[in-house]
Amino acid sequence: MIEIKDISKSFGKNAILKGMNVTIEKGEVVVILGPSGSGKSTFLRCINFLERADAGEISIGQTKVEFKKAKSKEILAVRRKTAMVFQQYDLFLHKSAIENVVEGLIIARKEPKEEAYKKGLELLSKVGLKDKRDAYPHQLSGGQQQRVGIARALALNPEVILFDEPTSALDPELVGETLDVIKHVAQTGVTMIIVTHEMSFAYEIADRVIFMEDGVIVEQGSPEELFEQTKEERTKQFLARFS
Ligand code: ADP
Ligand code: MG
């Protein structure tokens, strides 16, 4: 359903992604693990055209584009099918929770306001924030802000949601509730790629775990395969830091 072929990206002389191939089935939850600086964020950002990869292609639904050659219309088509949830919540600070969620529906998708708000409220319920619909970001905890971000991503009904360390900026006591919401959303069949350092969460939520280092996939498999029957020495060394 999503096929990324031979994606490469350099910054200046530094090769960051070195020809990675990743195929993701509809409804699959793929977790990406890897040391800091291994190219995980760059990989997600290239998928979403926040960065322009130097080579490779992506097929997503009926859309197939070469990263390097993609024109703005093709980029828009890919962006419409992908939503990103960042490490730092990036809500509009002068908009309420519900306004943040419906913004894209009304502005980008031109949905009638009434429908957008109805959908927005359903999504806020889904992430456990129905009663916070009118709260502004500064009135919400970090975890609640991340959950608004997740509702906003879901509103656009993307083919895949890309999570880049969604809990790493949160206070420890707020991590659990945010991971629970992501798990809940995953159970509804949403396709996800999640970069995280939360190993027990990864174990529970992933259909497949990819370990990458220095811009290449070192090893991938089911959580059981990757965590319990680890094959590669580099993966073992990485996982040992978390046990
Ligand atoms: P990770 O998310 O796995 O920690 P990143 O994808 O953020 O890794 O970064 C991989 C490497 O690419 C790092 O060495 C980082 O410094 C470099 N890098 C990332 N973005 C840029 C950029 N915009 N310009 C130059 N170097 C970058
Ligand atoms: Mg990163």
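The values are calculated or read from the model by the stated rules, or taken from the named source; none is laboratory data. If you're wondering where the values come from, they're calculated on a predicted model, not measured in any experiment. Cβ coordinates were reconstructed from backbone atoms using ideal geometry, including for glycine residues, and neighbour counts include every protein chain displayed.
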Being buried (at least 18 other Cβ atoms within 10 Å of the Cβ), closer than 30 Å to residue 126 by Cα and of a type outside the set (Lys, Arg) is the requirement here; does residue 49 meet it?
yes
Test set (1) crowded, with 16+ Cβ neighbours inside 10 Å; (2) within 15 Å of residue 195 (Cα to Cα); (3) at pLDDT 95 or above - residue 36 fails condition number:
(1)
Set 6, 90: member being modelled with pLDDT under 95 and within 29 Å of residue 238 (Cβ to Cβ):
90
Restricting the first residue to the stretch 150-177 and requiring it to be under 18 Å from residue 104 (Cα atoms), which pairs with a second residue that is of a type in the set (Gly, Ala, Ser) and surrounded by 21 or more Cβ atoms within 10 Å (Cβ to Cβ) meet a Cβ separation below 6 Å and a spacing of at least six or different chains?
153/83; 156/83; 158/83; 161/83; 161/153
State whether the residues of the stretch 65-82 include one that is within 16 Å of ligand 1 (Cβ to nearest atom), touching a Lys or Arg at 6+ places or on another chain (Cβ under 8 Å) and either of a type in the set (S, T, N, Q) or farther than 27 Å from residue 171 by Cα (or both).
yes
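Restricting attention to the stretch 56-64, does a residue exist that is closer than 21 Å to residue 1 by Cα and basic (Lys, Arg)? Before the answer, list the steps.
Step one: of the stretch 56-64, the residues closer than 21 Å to residue 1 by Cα are 56-64.
Still in the list and also basic (Lys, Arg): 64.
The answer is yes, given that some residue of the stretch 56-64 is closer than 21 Å to residue 1 by Cα and basic (Lys, Arg).
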Here are 149, 128: which of them is closer than 19 Å to residue 93 by Cα and touching an Asp or Glu at 6+ places or on another chain (Cβ under 9 Å)?
149
Please verify whether the stretch 19-28 includes one or more residues that are within 12 Å of ligand 2 (Cβ to nearest atom) and either modelled with pLDDT of 95 or more or among the hydroxyl-bearing types (Ser, Thr, Tyr) (or both).
no
Pairs where the first residue, in the stretch 94-120, is aromatic (Phe, Trp, Tyr) and the second is buried (at least 18 other Cβ atoms within 10 Å of the Cβ), C-beta under 8 Å, 6+ apart:
117/98; 117/102
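So in the stretch 199-216, with the set limited to residues that are surrounded by 17 or more Cβ atoms within 10 Å (Cβ to Cβ) and among the aliphatic types (A, V, I, L, M), which one is nearest to ligand 1 (Cβ to nearest atom)?
From the stretch 199-216, those surrounded by 17 or more Cβ atoms within 10 Å (Cβ to Cβ) are 199, 201-202, 205-206, 208-213, 215; that's our starting set.
Now restrict to residues that are among the aliphatic types (A, V, I, L, M): 199, 202, 205-206, 209-210, 212.
On the way: 199: 16, 202: 15, 205: 19, 206: 17, 209: 15, 210: 12, 212: 8 Å.
Here the answer is 212.
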